[in-house]
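Encoded as structure tokens, the structure appears first; notes follow it.
The values are calculated or read from the model by the stated rules, or taken from the named source; none is laboratory data. Everything quoted here is computed from the prediction, not taken from an experiment. Here the Cβ positions follow ideal geometry from the backbone for every residue, glycine too, while neighbour counts run over all protein chains shown.
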Amino acid sequence: MLIELLKSKLHLATVTDTKLHYPGSMALDSKLMKAAGLLPYESVIVANVSNGNRLKTYVIPAKAGSGDVIILGAAAHLIKKRDRVIILSFGLYTPAEAKKHKPKIVILDNRNKIKSKT
């Protein structure tokens, strides 16, 4: 049996742009991806703190240090520029792994700079 646990979280990212006419996904500063342990094309859940919407997509790397959090495709109907979001990833763990697991939590400021991480 495997147990699904929170793998990582980018807390209170600020959306820097949206592009409706794009095949879909989310472009994310590759420095933030690395801090959270996210891989290119990894599935994430995005919780919009500004309006309560929640969606599932995947991340693609944007320029390191850019602070980019860009919503691409149809999700741009649910998340707008300047919205604050929480980006969550999950993993499957054995019960033994789950007992030792600690998620990576990255807290961001309103310019998507890392304030703290665990």
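Per the conditions (1) surrounded by fewer than 19 Cβ atoms within 10 Å (Cβ to Cβ); (2) over 30 Å from Ala96 (Cα atoms), the sole criterion not satisfied by Tyr41 is (2). On inspection, Gly65 qualifies as small (Gly, Ala, Ser), over 15 Å from the mean Cα position of the chain (by Cα) and at pLDDT 95 or above. Is it true that Leu2 is surrounded by fewer than 21 Cβ atoms within 10 Å (Cβ to Cβ), under 20 Å from Ile105 (Cα atoms) and at pLDDT 95 or above? No; evaluated as a whole, the condition is false for this residue. All conditions but one from (1) within 18 Å of Ala75 (Cβ to Cβ); (2) touching a Gly at 6+ places or on another chain (Cβ under 6 Å); (3) surrounded by 19 or more Cβ atoms within 10 Å (Cβ to Cβ) apply to Lys7; the one that does not is (1). Listed by first and then second residue, the pairs with beta-carbon distance under 7 Å, at least 6 apart or on different chains, first residue in the stretch 78-90 and farther than 20 Å from Leu38 by Cβ, second of a type in the set (A, V, I, L, M) and assigned to a strand (DSSP E or B), are Leu78/Leu55. Quick check on the stretch 18-38: of everything there that is part of a helix (DSSP H, G or I), under 10 Å from the mean Cα position of the chain (by Cα) and touching a residue at least 60 places away in the same chain (Cβ under 8 Å), which residue is nearest to Pro103 (Cα to Cα)? Result: Ala36. Looking at Ile79, Ile60, Ile105, Ile87, just one residue is under 14 Å from the mean Cα position of the chain (by Cα), part of a strand (DSSP E or B) and more than 12 Å from Lys7 (Cα to Cα), and that residue is Ile60.
So that you can scan it fast, the table gives a plain yes or no per residue for (1) buried (at least 16 other Cβ atoms within 10 Å of the Cβ); (2) within 16 Å of Thr16 (Cβ to Cβ):
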site: Asn48; (1), (2): yes, yes
site: Lys56; (1), (2): no, no
site: Ile60; (1), (2): yes, yes
site: Ile71; (1), (2): yes, yes
site: Ala75; (1), (2): yes, yes
site: Leu88; (1), (2): yes, no
site: Tyr93; (1), (2): yes, no
site: Ala96; (1), (2): no, no
site: His101; (1), (2): no, no
